[in-house]
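Every read-out reported here was derived from the displayed coordinates using simple, explicitly stated rules and does not represent laboratory data. Since the model is a prediction, treat every value here as computed from it, not as a measurement. All Cβ positions, even for glycine, are placed from backbone atoms using ideal geometry, and neighbour counts span all protein chains on display.
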Amino acid sequence: MKTIVAPVSLAVLLTALPLARLVGQRSAETAHSAEMGFYTPETIEWKERPAALPAGAKVAALEGDPTKEGPFVMRLQMPDGYHIPPHTHPKTERVTVISGAFYLAMGENLDRSAAKKVAAGSFAFWPAGMKHTAWAEGETVIQLHGIGPWQINYLNPADDPRNAKKSP
């Protein structure tokens, strides 16, 4: 009986492992877009920045919806000197600098003199909850990608554009 159980167990294991892997691949595939997207710089549709960011920036959602659950890719276009006050994000932030220069001051002190320059062509990421402030040198375009919803939480609520008094 022992000689029958071992080959049967081995056969079940050899069948189950590839099936489990196949199921895992299917769920990973469904997490991606079913459609194709292709963007050249001149075909990107820039829209007014989201209310959570200071005035002056424009945004383009390239894949997914950053306000909803699921993967997304978006670009942020910022004028020279554009500044995002100290803030955090609840999820890892991943940034590729497409053009211009993006500066980051990170950590508890947010010392601008210790900021890191993220030049065009560079990629950077930092963990959820990392305190940071950012600004652009020259017109700058960055690409953010991650799992939505994308959120920004300002350290000082007075810095949050969503809290600004609306004029009549």
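The phi torsions of the stretch 56-66, fed into the Karplus equation with coefficients 6.51, -1.76 and 1.60 and a -60° offset, translate into couplings of x, 8, 10, 9, 9, 8, 9, 8, x, 10, x Hz, rounded to whole numbers, with Gly and Pro shown as x. Peptides 93-104, 44-55, ordered by how many other C-beta atoms sit within 10 Å of their residues on average, highest first, read 93-104, 44-55. The Cα atoms of the stretch 42-163 give a gyration tensor whose axes a ≥ b ≥ c have a/c under 1.5, which makes the shape rounded. The stretch 50-81 to the stretch 88-114: how many Å between their Cα centroids? If you average the Cα positions of each part, the centres end up 15 Å apart. Using the Karplus relation 6.51 cos²θ - 1.76 cosθ + 1.60 with θ = phi - 60°, the per-residue 3J(HN,Hα) values for the stretch 98-106 come to 7, 8, x, 9, 10, 10, 10, 10, 10 Hz, with x marking Gly and Pro. With 26 Å as the limit on Cα-Cα distance, the pairs of LYS58/LYS91; LYS68/LYS116; LYS91/LYS116 that go past it are LYS68/LYS116.
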